Amino acid sequence: MDMIKVSGADGEGPRIDGWNDSGAIAVITWHETEGQNYQQEFSDEQAAIHLLRSIEADDNLVLISAQLRRLGIGPAG
């Protein structure tokens with residue numbers, strides 16, 4: 001898995017480097033300030049970026065990790 005850059009170099013917000021084919025998915029994990037954890041997988045790059053922007057904009061949400069992996073690779077679930 002590769003980490004997703006959550007902020008661009010010139011402050012343009014989240015972006016995903018290396019999403020080069022349809023075999024990639026983003027795995028985004030975050031939590032609310034009250035402690036509830038969430039994880040979501042995206043096969044659509046724009047949907048993943050939208051969630052990252054939403055987390056970044058909400059003071060009650062904290063990003064834990066954002067990773068890019070190839071479909072079929074990673075923990076079984």
### Query
What order do you get for R70, R15 when you list them from fewest to most C-beta neighbours inside 10 Å?
R70, R15
### Message
Ranking request for peptides 51-58, 39-46: highest mean number of other beta-carbon atoms within 10 Å first, then the rest in descending order.
### Response
51-58, 39-46
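Rule-based calculations on the coordinates, nothing more; no lab input. Keep in mind the model is a prediction, meaning the values are calculated, not measured. Cβ sites come from the backbone with ideal geometry, for glycine too, and all protein chains shown count toward neighbours.
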